[in-house]
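The values are calculated or read from the model by the stated rules, or taken from the named source; none is laboratory data. None of these values were measured; they are calculated from a predicted model. Here the Cβ positions follow ideal geometry from the backbone for every residue, glycine too, while neighbour counts run over all protein chains shown. Side chains are part of the model used for accessible areas, which takes the heavy atoms of the whole protein and leaves out ligands, DNA and RNA. Shrake-Rupley method; radii C 1.70, N 1.55, O 1.52, S 1.80 Å.
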Amino acid sequence: QVQLVESGGGLVQPGGSLRLSCAASGRTFSFDGMGWYRQAPGKQRELVADITSGGRRNYADSVKGRFTISRDNAKNTVYLQMNNLKFEDTAVYFCNTVPSASRFWGQGTQVTVSS
């Protein structure tokens with residue numbers, strides 16, 4: 001059974017940092033592009049960062065310079081380092097494949113930026 005399990009979210013003040021992890025199981029994702037998506041209340045899910053199988057990274061303008069995506073293929077895990085967090089980063093964060101998301105959505109991890 002293929003699973004994507006996100007973790008590392010929490011409550012943080014503006015300017016703070018969090019590191020999200022996405023552990024994949026059931027099959028290897030080493031040859032897939034992987035991305036972090038987020039969905040804020042009342043908004044559509046959006047892709048904020050992705051990394052190719054070869055390690056090339058892309059970021060949405062809203063997070064460029066603040067977020068860093070990385071992957072450890074040996075661990076079948078993808079990470080998202082989030083620095084200088086802003087109120088508007090509040091959302092549930094998910095990982096999945098890119099450019100097309102697979103059907104294997106996890107539960108996500110909640111990130112709340114609040115003072």
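Give me the percent relative contact order of the chain, please, defined on Cα pairs under 8 angstrom at least 6 residues apart.
Working: 276 pairs, mean separation 42.4, N = 115.
37 percent.
With a 1.4 Å probe and every protein chain left in place, tell me how much accessible area R19 has, in Å² to the nearest 10.
130
Could you give the dipole magnitude of the chain about its Cα centre, charging the beta-carbon of Lys and Arg +1 and that of Asp and Glu -1, in debye to the nearest 20? If you can, show how the numbers build up before the last one.
Details: 13 positive and 8 negative charges, 22 e Å.
So the dipole magnitude of the chain works out to roughly 100 debye.
Among V113, V92, S70, pick out the residue whose Cα is farthest towards the positive end of the charge dipole of the chain, where Lys and Arg carry +1 and Asp and Glu carry -1 on C-beta, about the Cα centre.
Farthest towards the positive end: S70.
So with the 1.4 Å probe, I'd like the accessible area per residue for the stretch 34-95, rounded to whole Å². If you can, show how the numbers build up before the last one.
Working: 3170 Å² over 62 residues.
Solvent-accessible surface per residue comes out at 51 Å².
Using only the Cα atoms of the chain, construct the convex hull and provide its projected area averaged over every direction, in square nanometres to one decimal.
Working: hull surface 26.3 nm².
Dividing the Cα hull surface by four gives the mean projection, 6.6 nm².
Pop out the carbon and sulfur fraction of the accessible area of the stretch 45-115 as a percent, whole number, probe 1.4 Å. Could the numbers behind the result be given before it?
Values: 1670 of 3710 Å².
Whole-percent figure for carbon plus sulfur exposure: 45.
Order S21, S114, S100 by their accessible area, 1.4 angstrom probe, all chains in place, largest first.
Correct descending sequence by accessible area is S100, S114, S21.
How big is the antiparallel share of DSSP beta bridges in the stretch 2-115, given as a percent to the nearest 5?
Numbers: 35 of 38 bridges.
Approximately 90 percent, going by the DSSP bridge assignments.
Please state the shape class of the stretch 56-115: rounded when a/c is under 1.5, otherwise prolate if a/b exceeds b/c and oblate if not, all from the C-alpha gyration tensor.
Values: a/c = 1.79, a/b = 1.40, b/c = 1.28.
It is prolate, given that a/c is not under 1.5 and a/b is the larger ratio.
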